[in-house]
Number of protein chains: 2
Amino acid sequence: MTSVSAVLAGDVAAGARLIRWLEDGEPRGRALLAELFAHTGRAHLVGITGPPGAGKSTLVDALVGEFRRRDCRVGVIGVDPSSPFTGGAILGDRVRMQRHATDANVFIRSMASRGQLGGLARSTYDAALVMDAMGYDPVIIETVGVGQDEVEIAMLAHTTVVVSVPGLGDEIQAIKAGVLEAGQVFVLNKADRPGADDLRRQLELMLHLRAHGERASAWEPPLLATVATRGEGLEAVADALNAHAAHLRTTGQFTQRLGERSHRVFVAQFAQACAQRLLEPARLDPALASVVDDVRLGRVDPYSAVEVLLGQLAWRPSGAPPC
Amino acid sequence: MTSVSAVLAGDVAAGARLIRWLEDGEPRGRALLAELFAHTGRAHLVGITGPPGAGKSTLVDALVGEFRRRDCRVGVIGVDPSSPFTGGAILGDRVRMQRHATDANVFIRSMASRGQLGGLARSTYDAALVMDAMGYDPVIIETVGVGQDEVEIAMLAHTTVVVSVPGLGDEIQAIKAGVLEAGQVFVLNKADRPGADDLRRQLELMLHLRAHGERASAWEPPLLATVATRGEGLEAVADALNAHAAHLRTTGQFTQRLGERSHRVFVAQFAQACAQRLLEPARLDPALASVVDDVRLGRVDPYSAVEVLLGQLAWRPSGAPPC
């Protein structure tokens with residue numbers, strides 16, 4: 001059964017079902033989430049991002065092991081934007097993190113895009129809320145680290161871990177550069193590889209420049225070396241994550257970041273709902289419907305059409321009955 | 001001077017300025033675009049996508065050379081989502097495609113994300129319209145090929161070219177897999193590398209399976225081998241692009257795809273404008289403003305808040321004065 005109490009009790013089947021309902025946009029999912037919402041806000045959300053080939057999955061796997069040694073119940077969300085056409089996650093739950101698959105204290109879900117702009121960010125937000133309500137803490141969110149949505153997802157966590165590795169090509173390094181500015185913890189993975197020293201110097205320089213460029217902050221982003229395949233350096237990463245969570249709680253930013261996260265989802269969802277519902281032919285005035293047709297027929301540019309429509313939209317005055 | 005006539009006459013400075021205004025969301029840009037719109041719809045829009053490391057930039061460079069040999073004036077839009085934080089394109093115009101930089105018949109712009117969801121897709125649409133009005137044909141749009149937005153951008157072209165290369169890692173190949181289903185022309189670049197034969201067989205199998213899975217279509221996606229660094233195979237790619245454009249024109253899909261493209265931009269823009277304008281505190285009823293505050297304070301989940309707001313939004317009846 002999928003009920004509020006089942007999810008709050010940590011029932012994995014109930015939690016998984018709720019996440020699926022939310023991904024599919026089912027009303028019963030939203031209704032349940034509204035009830036659960038008061039029980040969220042406790043989990044530390046950790047975003048892990050970096051270029052393809054940085055060994056993020058292996059790092060997450062090792063990090064889960066480290067948090068399990070500390071008796072934490074760990075949630076993991078793998079964000080996989082690779083298959084917008086099939087709607088299915090290629091790197092599915094089954095092939096990842098085999099060794100934690102039978103551990104009831106580790107809850108792993110992969111999110112795939114359903115093709116809607118912003119859909120991935122919303123699904124990830126939802127899944128993190130459900131895991132939070134189920135008592136998983138931390139909740140680790142792994143993203144590919146390229147693309148607008150993916151970066152946004154990583155940024156919405158309490159703590160963003162940026163993973164770099166030596167020896168990637170120029171194009172891949174360039175992709176990574178944009179993400180660097182968002183991190184609170186930096187990991188140099190595959191630190192036993194050639195080029196690790198060079199990369200370390202580059203990252204140190206970047207962190208140094210960044211420290212001088214921004215307002216004084218009590219948090220200095222650490223740069224930590226790991227060899228995730230051998231489990232090396234993970235203790236320090238887990239320590240840094242806990243330290244950052246403590247820092248956020250002390251400064252009041254822990255709750256504040258969650259509020260910002262909810263507000264962003266709210267604005268995105270409001271935008272999408274406006275377009276979906278208000279543009280339904282049945283709700284449109286015939287005069288306005290012809291403007292929409294004109295766009296499709298190339299008679300008017302989309303921006304002019306938006307202006308026409310927006311001018312005809314209004315809030316009902318207070319006290320007026322809703323639609 | 002930036003005027004409709006200057007842009008239509010192909011004035012590069014005027015075109016570049018208009019694209020920048022549109023990227024920055026300046027009203028004078030939108031006004032000019034509305035006037036120019038009737039002069040668009042002629043250019044063949046070609047999306048080029050594929051994983052990082054596939055040699056897309058080199059391929060585009062060689063393809064521009066091939067189209068120049070055919071006396072086409074070529075527009076190139078490089079979509080660079082790598083830097084959402086700085087707002088600047090890392091792979092800037094200056095470092096790319098040096099050899100075409102002094103050719104007045106090649107117009108190259110890089111689009112960087114301004115951080116707004118969907119902003120990249122819109123900027124690319126705008127830039128393509130401007131180049132179209134300026135008389136460039138084809139307009140080649142190069143995207144990274146990972147991430148939701150980027151795939152969407154490639155799909156909105158008349159013709160999507162999917163570039164594959166032998167010897168990329170598993171993770172990168174997985175990213176690529178999702179894009180495969182969207183292509184009308186397939187290019188196996190770096191075809192002189194080890195593993196090219198294996199990759200060719202995989203791609204042929206995929207195209208074979210796809211041909212059986214979909215409704216009968218008159219267009220069979222060709223698979224073409226190139227070594228872009230040596231300019232090999234580009235003639236066949238240009239021929240395939242022209243053949244696909246001809247196919248689209250014959251079947252009426254050329255104009256239809258443009259209309260769909262405009263409609264998607266319209267819906268996305270309407271959504272964003274709804275959120276931006278309607279949620280402005282000055283426009284919100286005080287009762288509704290408190291709902292927005294509740295989201296930020298974690299008192300209500302974002303979806304419930306959206307429902308409350310949507311219920312209070314309405315179209316003005318026909319004939320009523322606009323806001």
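Within the range B:265-278, residues that are polar (S, T, N, Q) have Cβ atoms under 7 Å from residues that are assigned to a helix (DSSP H, G or I) in these pairs: B:Gln269/A:Pro302; B:Gln269/A:Tyr303; B:Gln269/A:Val306; B:Gln269/B:Arg122; B:Gln272/A:Ala271, counting only partners at least 6 apart in sequence or on another chain. Selection of the range B:268-311 for residues being part of a loop (DSSP other than H, G, I, E, B) and of a type in the set (A, V, I, L, M) yields B:Leu279, B:Ala282, B:Leu284, B:Leu297, B:Val300.
Somewhere in the range A:223-237, is a residue within 13 Å of chain B (Cβ to nearest Cβ) and of a type outside the set (Phe, Trp, Tyr)? No, the conditions are met nowhere in the range A:223-237.
Residue count for the range B:30-45 satisfying the condition of being touching a residue at least 12 places away in the same chain (Cβ under 8 Å) and within 20 Å of the chain's Cα centre (by Cα): 10. Scanning the range B:1-26 for residues that are over 15 Å from B:Val74 (Cα atoms) and within 19 Å of the chain's Cα centre (by Cα) yields B:Leu18, B:Ile19, B:Arg20, B:Trp21, B:Leu22, B:Glu23, B:Asp24, B:Gly25. Among the residues making up the range B:142-158, those that are modelled with pLDDT under 65 and over 13 Å from B:Ala112 (Cα atoms) are B:Gly145, B:Val146, B:Gly147, B:Gln148.
Within the range A:20-48, the set of residues being in contact with a strand residue (DSSP E or B) (Cβ under 6 Å, 6 or more places away or on another chain) and closer than 21 Å to A:Gly119 by Cα comprises A:Leu45, A:Val46, A:Gly47, A:Ile48. When you check A:Val139 against the structure, is it in contact with an Asp or Glu (Cβ under 7 Å, 6 or more places away or on another chain), under 30 Å from A:Thr255 (Cβ atoms), away from chain B (no Cβ under 11 Å) and at pLDDT 90 or above, yes or no? The answer is yes for A:Val139. Of all residues being farther than 30 Å from A:Asp192 by Cα and either in contact (Cβ under 8 Å) with a residue 12 or more places away in the chain or of a type in the set (Asp, Glu) (or both) in the range A:238-252, which is nearest to the other protein chains (Cβ to nearest Cβ)? Just the residue, please. This residue is A:Leu248.
Taking the options A:Thr86, A:Thr58, A:Thr124, name whichever one is at pLDDT below 95 and buried (at least 22 other Cβ atoms within 10 Å of the Cβ). Can you show your working first?
Numbers: A:Thr86 fails: buried (at least 22 other Cβ atoms within 10 Å of the Cβ); A:Thr58 fails: buried (at least 22 other Cβ atoms within 10 Å of the Cβ).
The unique qualifying residue is A:Thr124.
Among the residues of the range A:263-303, those that are of a type in the set (S, T, N, Q) and either more than 16 Å from B:Arg277 (Cβ to Cβ) or surrounded by fewer than 18 Cβ atoms within 10 Å (Cβ to Cβ) (or both) comprise A:Gln269, A:Gln276, A:Ser290.
Restricting attention to the range A:285-299, the residues that are within 7 Å of chain B (Cβ to nearest Cβ) and under 18 Å from B:Arg264 (Cβ atoms) total 4.
For the range B:53-65, the criterion of being under 29 Å from B:Thr255 (Cβ atoms) and assigned to a loop (DSSP other than H, G, I, E, B) is met by no residue. Exactly one residue out of B:Arg30, B:Arg69, B:Arg73 is of a type in the set (Lys, Arg) and under 23 Å from A:Arg299 (Cβ atoms): that is B:Arg30. For the range B:1-22, does any single residue satisfy the condition of being within 13 Å of another protein chain (Cβ to nearest Cβ), assigned to a helix (DSSP H, G or I), in contact (Cβ under 8 Å) with a residue 60 or more places away in the chain and surrounded by fewer than 22 Cβ atoms within 10 Å (Cβ to Cβ)? No - not one qualifying residue is present in the range B:1-22. Which residues, counting only those in the range B:260-277, are at the interface with chain A (Cβ under 7 Å from one of its Cβ atoms) and touching a strand residue (DSSP E or B) at 6+ places or on another chain (Cβ under 9 Å)? Matches in the range B:260-277: B:Cys274, B:Arg277. Within the range A:23-46, restricting attention to residues that are within 17 Å of B:Ala305 (Cα to Cα) and small (Gly, Ala, Ser), the residue that is modelled with the lowest pLDDT is A:Gly25.
Listed conditions (1) at pLDDT below 90; (2) in a helix (DSSP H, G or I) are all met by A:Ala238, apart from (1).
Just to verify a result, which residue in the range A:23-34, among those that are out of contact with any Asp or Glu (no Cβ under 9 Å at 6 or more places or on another chain) and in a helix (DSSP H, G or I), is farthest from A:Ser3 (Cα to Cα)?
Of the range A:23-34, the ones out of contact with any Asp or Glu (no Cβ under 9 Å at 6 or more places or on another chain) are A:24-28, A:31-32.
From the residues that got through so far, the ones that are in a helix (DSSP H, G or I) too are A:27-28, A:31-32.
Values: A:Pro27: 14, A:Arg28: 10, A:Ala31: 10, A:Leu32: 7 Å.
Only one residue fits best here, namely A:Pro27.
The values are calculated or read from the model by the stated rules, or taken from the named source; none is laboratory data. Predicted, not measured: the structure shown is a model, and the values here were computed from it. Note: ideal-geometry Cβ built from the backbone for every residue, glycine included; neighbour counts use all protein chains shown.
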